[in-house]
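Structure first, then comments.
The values are calculated or read from the model by the stated rules, or taken from the named source; none is laboratory data. Quick caveat: nothing in here was measured; it's all calculated off a predicted structure. Positions of Cβ are backbone-derived with ideal geometry, glycine not excepted, and every protein chain shown enters the neighbour counts. Accessible surface areas use protein heavy atoms only, side chains included; no ligands, DNA or RNA. Shrake-Rupley method; radii C 1.70, N 1.55, O 1.52, S 1.80 Å.
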Amino acid sequence: MCKQNIYLIDLHTHSVNSDGTYTPKQIAKEAHEKGLKAVALTDHDCVFGLDEFEKAGQEYGVETISGIEFASYYESSISKKTEIHIVGLLIDKNNKVIIDKTKTILEQRIERNKKMTKRLTELGFPMTYEELCALAGHNHCSRTHYAMLMVKKGYVKDKNEAFKKYFAYNMPAYVPRILPTPAECIEMIKNAGGIPVLAHPTLYRMNDEQIESMAKDLRQKGMEGIEVMYSTYNTRQQYMINNIAEKYGYLKSGGSDFHGLNKAGISLGTGKGNLAVPYEFLTKLKERDGKQ
Ligand code: AMP
Ligand code: MN
Ligand code: MN
Ligand code: MN
């Protein structure tokens, strides 16, 4: 895709290896068909799909970026404890520390999921852990897969109802995960030669002051990039995050957070229709890569 003669990219996507519906190969193919110059795969806590993704990129002639999206908790004197997400871009997909850490995170996720299955059954929604994994096609299931199973079994009318009533933070079926700290995520990503990027800060139920304070704090803790373009930002939010990026010396990143059919209305590259992340962001990220 080429608007006003600039090459466009997407630095935030998910495949079937986490909670998306496209395979890594299908993401690379779609990127090629949409004319994107580069695309990153950033599955939740997982690097499983990156070999397939790289190969598919070569096949379709699209630049593929190895990435990951870690979840973490953030807390400060002005923000109550919230789950935040940190994207790692340009990582070495064979880095042993990241591979080992994702294995530990997966074990903890499985343990949490078994508790959630028990909790839901007790709440009057009988289900088994095996049914959940069968629906997901793997064992690294997220709350999205639970919501899908609840819909499939006729317990709720749609995924929104499932999150609203049961899976959102502090709702009856919510079981917290054990997560690495932001500093641990940042260190792991840098150790793997990558750039840590604060993902979608507008999604953390924080006001502008809390977002800026978090961005300032995390920059001091070594965060290097921030998503200044994202599918759901309105003009005001994009302006606000862009100002924060410039004020605190963040590299700019952006992406759709494409999940295939699991996030209706969000397309690869274009998000809700207006997203246009310039290749220049990637050029600057690569310049920083390996320098710090
Ligand atoms: P988990 O990693 O198991 O805690 O699940 C997190 C996933 O659930 C996220 O990646 C989102 O895709 C999805 N999610 C979280 N909160 C909501 C919500 N309020 N509505 C819809 N999906 C959500
Ligand atoms: Mn997701
Ligand atoms: Mn996220
Ligand atoms: Mn994401």
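Of everything listed in (1) outside the structural domain of THR64 (by TED's automatic domain parsing); (2) touching a Lys or Arg at 6+ places or on another chain (Cβ under 8 Å), the single unmet condition for ASN160 is (2).
Only strands (runs of 3 or more DSSP E) whose full extent lies in segment 1-119 are considered here, and the ones with at least 1 residues that are closer than 22 Å to ASN170 by Cβ and modelled with pLDDT of 95 or more are 63-74, 82-89.
Please specify each residue of segment 56-73 satisfying the condition of being among the β-branched types (Val, Ile, Thr) and either more than 16 Å from ligand 3 (Cβ to nearest atom) or not assigned by TED's automatic domain parsing to the domain that holds LYS29 (or both).
Of segment 56-73, the ones among the β-branched types (Val, Ile, Thr) are 62, 64-65, 68.
Residues satisfying the conditions are VAL62, THR64, ILE65.
Scanning segment 196-224 for residues that are outside any helix (DSSP H, G or I) and more than 14 Å from the chain's Cα centre (by Cα) returns ARG205, MET206, ASN207, LYS221, GLY222, MET223, GLU224.
Can you report the number of residues in segment 238-265 which are in a helix (DSSP H, G or I), open to solvent by 40 Å² or more (accessible area, probe 1.4 Å) and within 13 Å of ligand 2 (Cβ to nearest atom)?
Residues in segment 238-265 being in a helix (DSSP H, G or I), open to solvent by 40 Å² or more (accessible area, probe 1.4 Å) and within 13 Å of ligand 2 (Cβ to nearest atom): 1 in total.
Which of the residues spanning segment 78-103 are open to solvent by 20 Å² or more (accessible area, probe 1.4 Å) and within 16 Å of ligand 3 (Cβ to nearest atom)? Passing the criteria: GLU83, HIS85. When segment 160-195 is filtered for residues that are away from ligand 1 (no atom under 13 Å from the Cβ) and in a helix (DSSP H, G or I), the ones remaining, listed by number, are PRO182, ALA183, GLU184, CYS185, ILE186, GLU187, MET188, ILE189, LYS190, ASN191.
Residue-level check: of (1) open to solvent by 10 Å² or more (accessible area, probe 1.4 Å); (2) within 16 Å of ligand 1 (Cβ to nearest atom), GLU33 misses just (2). In the condition set (1) assigned to a loop (DSSP other than H, G, I, E, B); (2) open to solvent by 20 Å² or more (accessible area, probe 1.4 Å), GLY269 is compliant with all but (2).
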